[in-house]
Amino acid sequence: MPYHRTRKLFNLEAVLDEIDNDVIDINNVVIVPPNNLGNLSDEDEDENADVMPADVPGELEVEYNDSASESSSGSNNSDDETEVTPPVTKRAKKSKSAPVRWNNSEDILADTRDSIDPLEETHAELCDKTPYELFLLFLNDGVVNLIVDETNRFAKQKNNHLFELKSVEFLRFIGILLLSGYHSLPQQHLYWETADDTRIPIVANAMSRNRFCEIKKYIHLANNEGINVNDKAAKVRPSIDSINQGLVQFGVFSKDLSGDEQIVPYFGKHSAKMFMCNKPVKFGYKFWVLASAQGFPYKIDLYCGKETNKTKTGTVGASVIFNLLTVVENPKAHTITFDNFFTDYDLLKSLADKGFAATGTVRENRMKGAILPKSRSMKKKIVARGTTEFCSTGSIVACCWKDNKPVYCMSNYLGVTPTEKKRRYSQQEKKHIHIECPQMIASYNKTMGGVDLCDRFLSSYRPTIRGKKWYFPIFTHGINICVVAAWRLSCAIGQKYSQLEFLRLIVRCLLKIEKAEMKAREYGPATQLDEIRFDKTGHECIESKGRSVSIVPQKYVLPMW
């Protein structure tokens, strides 16, 4: 639609020369008289009534339709939009959206969450699986075959046609990487050194040093021939998608979810590398993660810069949250929590329309005019600790709670009451006291730490063997995600393994080919893991007349799980 523009000039001839009458239709010309009325008399106006003066002593206001310029630019600037009215110098601009009406209450729509069946009932077959079998549910055939095929293709692209990686070797390679997380040495080659203080027999017997270096040299995660040059993460995108499919194969079985960022350490050169001065890990790749309150990851997404396809809210945080929540099938069965980087009024409103129950801390300039005291005023005034101010729109509640400093929070399903008691230390009274805490902030503190908890699990036994390729840290991070997901899944079904015990069992099973190559000792056979004794692969038990049982190796080929 054509719109109107207003120009105030002091020379009418300049205006008429500038405006092309063939393109622009002049609607009205208004001459505003000067402030000093003594410059013109009534007689002068009567004598020159039909003559337009060249120099107007006041302001000249011209209204015209700029339809041609609008069609050429292809855009409509709503900020300059005015109405065609009688000559009035001042016009009020139209607001883009209706103002939000807040009231001093905590009225909110009633919200009931659907129940989630326990994982032991929906997937009873998981209760009998070992840690190694649980791990293979996430590092499944799809992920293994993808990496093995792309690695062999990349080796041929590098003119090495003799290289051929098999699935068994790749699993041993993964086992050595995971072992370096809890049994680390300063240098990689020390695992194969013959010295007594550094040699690791389980590693040396599983794979030679040269073969390990060769696999690490050609490890690849995508096909270079059909790569998307516009995607910075194109070389790791297929493996990330395969891992995400494995993370949600049992559905989203947790009620409380949280979305946050996660940093993978990396000190090389890449355009997706981030620097965050306030984080423990300052250099690395940033991942957006959706995790449960217990630390189970449901989706990971590599951040490669500001997205162009934003949501209607127009913020990066909103697009990240909606992207993470695509794995949730039943929104009414879950709650989502996030921090003030993501939270704003429009996001909570959009999530409420889709059925998501959301809570998050919020910044003061994102609350759409909520009737709450400013943080500066609360700091200057002597406000008692535990004081709460709140307001509501009927569907969203915003509150300000005074702790050490003012905390702002918003929710589309929780209010302020019932409050909870929080224990704090009082500097004035020199003792611990109990203060009132709003319901939404107490819920936020309970459910927000899921991604941080998952990050702590990942950093506890992160593989220490490093590679020269920019995507090698992302590759090891994906393997580490599978281990943490398998361990949290075992905890959800009632198994009592610690993280270290769980990881050690997985590593020993990945390197189980070493057990089949050991010779029988004089005092009896070597002890075997249960996963190896009954897999009927790589060895054959033969009865003998003596006390010992000999182990005759067969072809060292493991089946695909």
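Where a number appears in this text, it was derived from the coordinates with a stated rule and is not lab data. Bear in mind the structure is a predicted one, so any value in this text is a computation, not a measurement. Positions of Cβ are generated from backbone atoms using ideal geometry, with glycine treated the same way; all protein chains shown enter the neighbour counts.
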Problem - Derived scalar couplings ³J(HN,Hα) [segment 459-466; Karplus, 6.51 cos²θ - 1.76 cosθ + 1.60; whole Hz; x for Gly, Pro] - result: 7, 5, 9, 5, x, 9, 6, 10
Handout entry: Separation of alpha-carbon centers, segment 242-296 and segment 380-437, rounded to whole Å
Key = 30 Å
Completion exercise
Set 158/269; 235/286; 235/469, cut-off 20 Å on Cα-Cα distance; pairs above it are 158/269
Handout entry: segment 305-410: relative contact order as a whole-number percent, Cα under 8 Å and 6+ apart
Key = 20 percent
Exercise for the section: Report, in cubic angstrom per residue, the convex hull volume of the C-alpha atoms of segment 228-293. Expected result: 111 Å³
Practice task
Please list the non-local residues whose amide H lies under 5 Å from the amide H of residue 336, H modeled 1.01 Å from N, same-chain partners needing a gap of 5 or more.
Solution key: 257, 357, 358, 359
Problem - Karplus-derived HN-Hα couplings along segment 162-169 (A = 6.51, B = -1.76, C = 1.60, θ = phi - 60°), whole Hz, x at Gly and Pro - result: 8, 6, 8, 9, 9, 5, 5, 5
Handout entry: For segment 325-351 versus segment 459-509, the gap between their alpha-carbon centres in whole angstrom
Key = 28 Å
Fill in the blank from the handout: So, with points 7 Å from each Cα along the Cβ direction, the residue 304-residue 456 label distance in nm works out to 3.3 nm
Exercise for the section: With the Cα gyration tensor of segment 415-466 in hand, convert its eigenvalues to equivalent ellipsoid semi-axes via √(5λ) and list them largest first in whole Å. Expected result: 35, 18, 6
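Run through segment 417-468 and list the GluC sites (Glu not before Pro) located in a DSSP loop whose Cβ has at most 16 other Cβ atoms within 10 Å.
Of the GluC sites (Glu not before Pro), the ones in loops of segment 417-468 whose Cβ has at most 16 other Cβ atoms within 10 Å are 429.
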Exercise for the section: Please sort by residue number the GluC sites (Glu not before Pro) in segment 109-167 whose DSSP state is loop and whose Cβ has at most 15 other Cβ atoms within 10 Å. Expected result: 164
Completion exercise
Neighbour-count ranking for 400, 277, 391 (other C-beta within 10 angstrom, fewest to most) reads 277, 391, 400
